[in-house]
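First comes the structure, then the notes that go with it.
The values are calculated or read from the model by the stated rules, or taken from the named source; none is laboratory data. Values in this document were obtained by computation on a predicted structure and should not be read as measured data. Cβ atoms come from the backbone with ideal geometry, glycine included; neighbour counts cover every protein chain shown. Heads up: the accessible areas ignore ligands, DNA and RNA and are worked out on the full protein's heavy atoms, side chains in. Shrake-Rupley method; radii C 1.70, N 1.55, O 1.52, S 1.80 Å.
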Amino acid sequence: DEAACFSIQKGLQASRSFIKYFKHNDMEDLERLLKEQELEDQKNPRKARVTRKFIVVEGMYINTADICPLPELVKLKYRYKVRIFLEESMSFGVLGEHGKGVTEHFGVNIDDIDLISANMENAVASIGGFCCGRSFVIDHQGWGSVQRGLTPSASVMAGQAAKLTGRLD
């Protein structure tokens, strides 16, 4: 999505991936790009089999405060065999009946999303973050990760926040 935040754009650039941006929340434009890619894949099926394709979106965009059209994205995911990477830093703790983010807001099965990430500074007023998804995706991601847990100071802050909100006894 062309309205993706600076952090996502820089992360994508750092990954050295081939990136195509679609117009903000425009599912017709995204589908046009996916159809173009499908035609490219037919020209070189061997390369297409080993190339991973992702739709990278924010649950709630920090630059626009718009909510992504997740149900439509899931339909496109299955139609064009791509993966969805959902960044939920702004929607986690805000959207959905229990604050579980845009998946809960739309009633989308969490298994339909390949990777969900969020930082803890917005909803929880702490540091750190989380990444969740199917075990084979998370296990693969963990091999290159620098740190896989909370620092001691962050653990204390998270524990105190949980006590204050009545989550822990």
Checklist entry - Where does segment 11-106 land on the Kirkwood hydrodynamic radius, alpha-carbon pairs, in angstrom? => result 14.5 Å
Next on the checklist: Keeping all protein chains in the complex and leaving out DNA, RNA and ligands, what accessible area do you get for Met90 with a 1.4 Å probe, in Å² to the nearest 10?
Outcome noted: 60 Å²
Next on the checklist: Quick check on packing: order 8-18, 106-116, 92-102 by the mean number of other C-beta atoms within 10 Å, highest mean leading.
Outcome noted: 92-102, 106-116, 8-18
Next on the checklist: With the cut-off at 1.5 for a/c, could you classify segment 7-46 from its C-alpha gyration tensor as rounded, prolate or oblate?
Outcome noted: oblate
Checklist entry - Rolling a 1.4 angstrom probe over the protein heavy atoms, how many square angstrom per residue are accessible across segment 1-73? => result 66 Å²
Checklist entry - Can you work out the FRET efficiency for the pair Gln13 and Glu97, with r the C-beta to C-beta distance and R0 = 41 Å, to the nearest 0.05? => result 0.65
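Share of segment 7-58's accessible area from carbon and sulfur, percent, 1.4 Å?
49 percent
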Next on the checklist: If I compute solvent accessible area with a 1.4 Å probe over the protein chains, what percent of it on segment 81-138 is carbon and sulfur?
Outcome noted: 54 percent
Checklist outcome for this item: If each part is reduced to its alpha-carbon centroid, segment 15-64 and segment 65-82 end up apart, in Å, by 11 Å
